[in-house]
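**Q** Take this structure first; my questions come after.
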Amino acid sequence: MSSEQLDRLVKFGASNDMDSVLVTRHGRIVLEATYAPFRAGLRHRFYSATKSVTSTLVGMALADGRLDSTDHKVVDFFADRTIANLDDAKKAITVQHLLDMTSGLAWQEGVNGGAESYIAMARSPDWQQFILDQPMTTPPGSRFYYNTGNSHLLSAILGKVTGRSTLDYARERLFGPLGIDDVLWRVDPQGVPIGGNDLYLQPRDMAKIGYLWLRRGLWEGKQILPAAWIEGVRSADVDMHESWSADMRYGRQFWVMPRRDTFMAVGYHRQLVVVMPGLDIVAVATGSSRFASPSGMASTPRYGLDALAGFLAAAVTSDDAVAANPAATAELAERVKAAALEQPAPASPAGPPALVKAVSGKTWRFTGSPARLKSLTLKLDDPQPSYEYELELGPPMVPPGPFGGPIGFDGQFRVGGRTPVGPSAARGAWSADGTSLVLEVQSLGGDDVARVTLVFGDRTVELSADYAGGFKVKLEGRAND
């Protein structure tokens, strides 16, 4: 592979909010870069690329005889439930329709970033019931519509046919054989792992799964996924009916580019596992949302997929060894090294000494927070400033607090501590007039960058949080007596 072309790929990642990029060819890692403050050895939120893992487990359940057929009617698995809007069309939905996003269930999401139905589902006490109760808009199998609810029903069905959670089944049949043990998979209120998103894996472990797909289900001489399952993915023919998707097809929870002989697991903010069988390539990209996101590759997954595949294809120069190019190799190494170095913001002016002392060690309590924030404590007069917070009781599998970590006031993130999904990275800056403190905080690998502005009163604090994804919240906290 060409070092010059791989160098272009690293540059592309730097300008498109990537957290990491990894490329393998012929089973060997040829490029691995991480972009500060993210770093190697951390899990990353997989977002909707989770769907392709759920699909893989469905294929395994078929091979194990746990699932008899993808033509099995979905409502049969939920005979213990009373389902609203149950008509002949809904009764005709099969597992295959869920896999291909052609269930016909009413849903507001799509591939263009809408999330109305997903948000409503996440706020409901029973996600499976919420999905099953939706009315029908089209006959099953007649039209593609991207619907994370379909994927979550697949996870629920896996639990029913295997007699264990999707995660436990994955540990036995997928993660275990591939040597993957650093896994977080969030669950719904009933404890079912979320079939369409919120699986957290390390990029190298994502690449292992991609390599299993590349080798048509073969791992260390053992066929752990039927080859026919991957062949079915490669021959996917579901039209996505988008103006930009003329060269794109969908099938079995994968995105497919027939023109490039490429199929992909695709998630929000550039979570990608790209498999190119003809070139013997697996590539992994992880990304996040930033406040100054460039326009070249937005949140919607359509942006950049063909460009990324083009970079990978252009980097291939031969199927055999090529002459070394020491200068290009050294330049690529420097590019990778530079990616891991943070570009700091301007250093913060010192906070007013009296205010810093007054707020340090004080704990503010919050009630009725949509972000579930229960308390916040700042320690700003320590040699290493830090923050700490607690959350109200949240979703299952969120570990107990407190959470938090160090704060950098020199324009650079300080990494450490912990959040519910990974280490904290935080940096702070005082306003020029010294009346407010701005913290930029994130969970590394969690893609939840927030800019938090704190305005201090005598015994109160006004907190405004502006998340890079667009969510905003304003709260007032009161100090303990």
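The values are calculated or read from the model by the stated rules, or taken from the named source; none is laboratory data. From a predicted model like this one, the values you see are computed outputs, not experimental measurements. We place every Cβ from the backbone using ideal geometry, glycine too, and count neighbours over all the protein chains shown. Surface areas here come from the heavy atoms of the whole protein model, side chains and all, with no ligands, DNA or RNA. Shrake-Rupley method; radii C 1.70, N 1.55, O 1.52, S 1.80 Å.
**Q** Pull up the range 276-297, narrow it to residues that are open to solvent by 20 Å² or more (accessible area, probe 1.4 Å) and small (Gly, Ala, Ser), then point me to the one that is modelled with the highest pLDDT. Steps first, please.
**A** From the range 276-297, those open to solvent by 20 Å² or more (accessible area, probe 1.4 Å) are 277-280, 290-296; that's our starting set.
From what's left, small (Gly, Ala, Ser): 278, 292-293, 295-296.
Details: Gly278: 96, Ala292: 47, Ser293: 41, Ser295: 35, Gly296: 35.
In this case the residue turns out to be Gly278.
**Q** Next question, about the same structure. From Ala328, Ala333, which residue is surrounded by 15 or more Cβ atoms within 10 Å (Cβ to Cβ) and either assigned to a helix (DSSP H, G or I) or at pLDDT below 95 (or both)?
**A** Details: Ala333 fails: surrounded by 15 or more Cβ atoms within 10 Å (Cβ to Cβ).
When all the criteria are applied, what remains is Ala328.
**Q** Additional query: If you check Val356 against the conditions, is it more than 26 Å from Val183 (Cβ to Cβ) and touching a residue at least 24 places away in the same chain (Cβ under 8 Å)? Working first, answer last.
**A** Details: more than 26 Å from Val183 (Cβ to Cβ): yes; touching a residue at least 24 places away in the same chain (Cβ under 8 Å): yes.
Against the criterion (more than 26 Å from Val183 (Cβ to Cβ) and touching a residue at least 24 places away in the same chain (Cβ under 8 Å)), Val356 qualifies.
**Q** Within the range 415-466, work out how many residues are open to solvent by 10 Å² or more (accessible area, probe 1.4 Å), in contact with a Lys or Arg (Cβ under 8 Å, 6 or more places away or on another chain) and not hydrophobic (A, V, I, L, M, F, W, C).
**A** Residues that pass the stated criteria total 9.
**Q** So is Gln108 assigned to a loop (DSSP other than H, G, I, E, B) and either buried (at least 24 other Cβ atoms within 10 Å of the Cβ) or free of Cβ contacts under 8 Å to residues at least 24 places away in the same chain (or both) or not? Outline the logic, then answer.
**A** Values: assigned to a loop (DSSP other than H, G, I, E, B): yes; either buried (at least 24 other Cβ atoms within 10 Å of the Cβ) or free of Cβ contacts under 8 Å to residues at least 24 places away in the same chain (or both): yes.
It is true that Gln108 is assigned to a loop (DSSP other than H, G, I, E, B) and either buried (at least 24 other Cβ atoms within 10 Å of the Cβ) or free of Cβ contacts under 8 Å to residues at least 24 places away in the same chain (or both).
**Q** Among the numbered conditions (1) closer than 19 Å to Gly445 by Cα; (2) at pLDDT below 90, tell me where Thr419 comes up short.
**A** (2)
**Q** Looking at the range 217-228, can you tell me whether even one residue there is among the polar types (S, T, N, Q) and touching a strand residue (DSSP E or B) at 6+ places or on another chain (Cβ under 9 Å)? So that I can check it myself, show each step before the final result.
**A** Going residue by residue through the range 217-228, those that are among the polar types (S, T, N, Q) are 223.
Next, from what is left, pick out any that are touching a strand residue (DSSP E or B) at 6+ places or on another chain (Cβ under 9 Å): none.
Checked the range 217-228: no residue is among the polar types (S, T, N, Q) and touching a strand residue (DSSP E or B) at 6+ places or on another chain (Cβ under 9 Å).
**Q** For the range 7-28, give me the residue count where each residue is touching a residue at least 60 places away in the same chain (Cβ under 8 Å) and either open to solvent by 40 Å² or more (accessible area, probe 1.4 Å) or in a loop (DSSP other than H, G, I, E, B) (or both).
**A** Of all residues in the range 7-28, those touching a residue at least 60 places away in the same chain (Cβ under 8 Å) come to 7-27.
If we keep only those that are either open to solvent by 40 Å² or more (accessible area, probe 1.4 Å) or in a loop (DSSP other than H, G, I, E, B) (or both) too, we end up with 8, 11, 14-17, 26-27.
Going through the range 7-28 one residue at a time, the tally reaches 8.
**Q** Looking at Pro402, Pro420, which is the one that is within 18 Å of the chain's Cα centre (by Cα) and more than 17 Å from Val356 (Cα to Cα)?
**A** Details: Pro402 fails: within 18 Å of the chain's Cα centre (by Cα).
Pro420 is the lone residue from the list that is within 18 Å of the chain's Cα centre (by Cα) and more than 17 Å from Val356 (Cα to Cα).
**Q** Restricting to strands (runs of 3 or more DSSP E) lying wholly in the range 337-400: which have 1 or more residues that are acidic (Asp, Glu) and open to solvent by 30 Å² or more (accessible area, probe 1.4 Å)? So that I can check it myself, show each step before the final result.
**A** Details: elements: 363-365, 373-379, 386-391.
Because the criterion is at least 1 residues that are acidic (Asp, Glu) and open to solvent by 30 Å² or more (accessible area, probe 1.4 Å), the strands (runs of 3 or more DSSP E) in the range 337-400 that meet it are 386-391.
**Q** May I pose another question? Can you report the number of residues in the range 429-476 which are assigned to a loop (DSSP other than H, G, I, E, B) and polar (S, T, N, Q)? Before you say what the answer is, go through the steps one by one.
**A** Going residue by residue through the range 429-476, those that are assigned to a loop (DSSP other than H, G, I, E, B) are 431-435, 444-449, 457-459, 468-471.
From the residues that got through so far, the ones that are polar (S, T, N, Q) too are 431, 435.
Count: 2.
**Q** Continuing with this model, one more query. Within the range 30-55, which residues are open to solvent by less than 10 Å² (accessible area, probe 1.4 Å) and part of a helix (DSSP H, G or I)?
**A** Hits for the range 30-55 are Ala49, Thr50, Lys51, Ser52, Val53, Thr54, Ser55.
**Q** Of all residues in the range 200-223, which are among the aliphatic types (A, V, I, L, M), over 15 Å from Val274 (Cβ atoms) and open to solvent by less than 10 Å² (accessible area, probe 1.4 Å)? Walk me through how you get there before you give the answer.
**A** Here is the first cut: in the range 200-223, the ones among the aliphatic types (A, V, I, L, M) are 201, 206-207, 209, 212, 214, 218.
Subset that is over 15 Å from Val274 (Cβ atoms): 201, 218.
Leu201 - this is the single residue of the range 200-223 that is among the aliphatic types (A, V, I, L, M), over 15 Å from Val274 (Cβ atoms) and open to solvent by less than 10 Å² (accessible area, probe 1.4 Å).
**Q** Right, here's the next one. Taking the conditions exactly as written (under 24 Å from Gly304 (Cα atoms) and open to solvent by 20 Å² or more (accessible area, probe 1.4 Å)), does Asp247 satisfy them or not?
**A** Working: under 24 Å from Gly304 (Cα atoms): yes; open to solvent by 20 Å² or more (accessible area, probe 1.4 Å): yes.
Criteria met by Asp247.
**Q** Considering only the range 56-70, I want to know if a residue exists there that is farther than 17 Å from Gln96 by Cα and either hydrophobic (A, V, I, L, M, F, W, C) or outside any loop (DSSP other than H, G, I, E, B) (or both). Working first, answer last.
**A** From the range 56-70, those farther than 17 Å from Gln96 by Cα are 64; that's our starting set.
Pick out the ones that are also either hydrophobic (A, V, I, L, M, F, W, C) or outside any loop (DSSP other than H, G, I, E, B) (or both) and you get none.
Within the range 56-70 (the criterion being farther than 17 Å from Gln96 by Cα and either hydrophobic (A, V, I, L, M, F, W, C) or outside any loop (DSSP other than H, G, I, E, B) (or both)), the answer is no, since none of the residues qualifies.
**Q** Answer with yes or no whether Val75 is of a type in the set (Val, Ile, Thr), modelled with pLDDT of 95 or more, assigned to a helix (DSSP H, G or I) and surrounded by fewer than 23 Cβ atoms within 10 Å (Cβ to Cβ). First the steps, then the outcome.
**A** Values: of a type in the set (Val, Ile, Thr): yes; modelled with pLDDT of 95 or more: yes; assigned to a helix (DSSP H, G or I): yes; surrounded by fewer than 23 Cβ atoms within 10 Å (Cβ to Cβ): yes.
So Val75 fits the description; yes.
**Q** Can you tell me which residue within the range 250-275, out of those that are in a helix (DSSP H, G or I) and among the charged types (D, E, K, R), is surrounded by the fewest Cβ atoms within 10 Å (Cβ to Cβ)?
**A** Restricting to residues being in a helix (DSSP H, G or I) and among the charged types (D, E, K, R), the top hit is Arg259.
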